[in-house]
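K.L.:
Below is the structure I would like to discuss, written out as structure tokens.
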Amino acid sequence: MPADSPSIPLLTAAALSPLLMPQLWAAYAVHERLHLTDPAAFAAAAPGIRAIAASGDSAVSAELIASLPALEIISVMGVGYDGVDVAAARARGVVVTHTPGVLNDDVADLAIGLMLCAARQLPAADRHVREGRWPSGNVPLARKMSGARLGLVGMGRIGQAIAQRALAFGMSVAYHARHPRSELPFAYHPTAAALAAEVDFLVAITPGGAGTRRLIDAAVLEALGPKGILVNVARGSVVDEAALIDALEQGVIGGAGLDVFENEPQVPERLRALPQVVLTPHIGSATAQTRQAMADLAAANLREHFAGRPLPTPVPECQPGAA
Ligand code: 8YV
């Protein structure tokens, strides 16, 4: 191996962004998804692997972590890290990092976009014009968004960015989260159902994982009501997708804007058949500017770790002093 060849072995957990890969190739001996594609080569490389690079939706299981005795760091390019078994990583002294902050604007922008698209039925209106149906009559009247009531399930960094934007639309903002945040001027509801009963738009922006699995279920949708609109820019696991499809088909809620799904990239045919639903393919952070910032931050976490310097953005469970 030439003296200047990258020497730190790193495994990619999934197909990663082309904005991140060149940074990895330049600095590490990259083993691309060997655990998924080539078990024999993986078995040979595993003892030396010191880092994993992952995306927000990659799986990094306890089993994978256990098979890498030299593993020191898992760097996730994404704010969500529900695919990573953080408890297993911590138990081994492996740090996990993610990319919070840099994607707040894009995800909040998309939430507002989905709210507007679902309320004003923009995709259906576009189809109406495009398919030459306007001369025979116009589309049905839509619902007004400005001045309506917004409920946020989750009030973290992105939730607050959505709230800020909603205020500019003259909307009222209330929220449900595990704990009330007394420093914020928004009404808190102790359950998602209590929140849903008080709002016109319910937006999910809470981390995925076991603690929030199917938090938005049939009862919450019932509480949201026949004029209510659900938007999900969090994780598909946060919503009971079967209950949501039933609710939409039966008019229990009025419409939905969905960027995430239970079994991505598979989206049930019944959901795709519903005209009052707006669907996007998990594009919350998918702008060139934000993905570059996320790639740079994911690479910086790796670089600082191997330089022995403080990590820019460890996940909360891996921050100094975390319980
Ligand atoms: C992408 C995301 O899925 O940040 C997250 O949690 O869901 C997204 O930005 C992905 O992680 C991009 O690599």
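Throughout, read-outs are computed from the coordinates displayed, never taken from laboratory work. Bear in mind the structure is a predicted one, so any value in this text is a computation, not a measurement. Quick reminder, even Gly has a Cβ in these numbers, built from the backbone with ideal geometry, and neighbours come from all protein chains shown.
K.L.:
Look at GLY56 and say whether it is in contact with a strand residue (DSSP E or B) (Cβ under 8 Å, 6 or more places away or on another chain), over 28 Å from ALA293 (Cβ atoms) and small (Gly, Ala, Ser). I'd like the intermediate steps shown before the answer.
P.N.:
Numbers: in contact with a strand residue (DSSP E or B) (Cβ under 8 Å, 6 or more places away or on another chain): yes; over 28 Å from ALA293 (Cβ atoms): no; small (Gly, Ala, Ser): yes.
No, not satisfied.
K.L.:
A further question follows. Among the residues that make up segment 33-49, is at least one of them touching a residue at least 24 places away in the same chain (Cβ under 8 Å) and within 16 Å of the ligand (Cβ to nearest atom)?
P.N.:
Within segment 33-49, none of the residues are touching a residue at least 24 places away in the same chain (Cβ under 8 Å) and within 16 Å of the ligand (Cβ to nearest atom).
K.L.:
Next question, about the same structure. What number of residues in segment 75-92 are among the hydrophobic types (A, V, I, L, M, F, W, C) and either without any contact (Cβ under 8 Å) to a residue 60 or more places away in the chain or more than 9 Å from the ligand (Cβ to nearest atom) (or both)? Step through it out loud before you land on a result.
P.N.:
Going residue by residue through segment 75-92, those that are among the hydrophobic types (A, V, I, L, M, F, W, C) are 76-77, 79, 84, 86-89, 91.
If we keep only those that are either without any contact (Cβ under 8 Å) to a residue 60 or more places away in the chain or more than 9 Å from the ligand (Cβ to nearest atom) (or both) too, we end up with 84, 86-89, 91.
The number of residues fulfilling the criteria is 6.
K.L.:
Please specify each residue of segment 187-236 satisfying the condition of being assigned to a helix (DSSP H, G or I) and among the hydroxyl-bearing types (Ser, Thr, Tyr). Quick ask: steps written out before the conclusion?
P.N.:
In the first step, residues of segment 187-236 are kept if they are assigned to a helix (DSSP H, G or I); the result is 192-196, 210-212, 218-224, 236.
Selection gives THR212 alone.
K.L.:
In this structure, does ARG165 turn out to be away from the ligand (no atom under 16 Å from the Cβ), basic (Lys, Arg) and either more than 30 Å from SER58 (Cα to Cα) or surrounded by fewer than 23 Cβ atoms within 10 Å (Cβ to Cβ) (or both)?
P.N.:
Working: away from the ligand (no atom under 16 Å from the Cβ): yes; basic (Lys, Arg): yes; either more than 30 Å from SER58 (Cα to Cα) or surrounded by fewer than 23 Cβ atoms within 10 Å (Cβ to Cβ) (or both): yes.
Spelling it out, ARG165 is indeed away from the ligand (no atom under 16 Å from the Cβ), basic (Lys, Arg) and either more than 30 Å from SER58 (Cα to Cα) or surrounded by fewer than 23 Cβ atoms within 10 Å (Cβ to Cβ) (or both).
K.L.:
Further question on the same structure: It is to be established whether one or more residues within segment 93-105 are free of Cβ contacts under 8 Å to residues at least 60 places away in the same chain, out of contact with any Lys or Arg (no Cβ under 6 Å at 6 or more places or on another chain) and over 23 Å from GLY236 (Cα atoms). Outline the logic, then answer.
P.N.:
Just the residues of segment 93-105 that are free of Cβ contacts under 8 Å to residues at least 60 places away in the same chain, to begin with: 93-94, 104.
Filter again for out of contact with any Lys or Arg (no Cβ under 6 Å at 6 or more places or on another chain), leaving 93-94.
Then keep just the ones that are over 23 Å from GLY236 (Cα atoms); that gives 93-94.
Yes: one or more hits.
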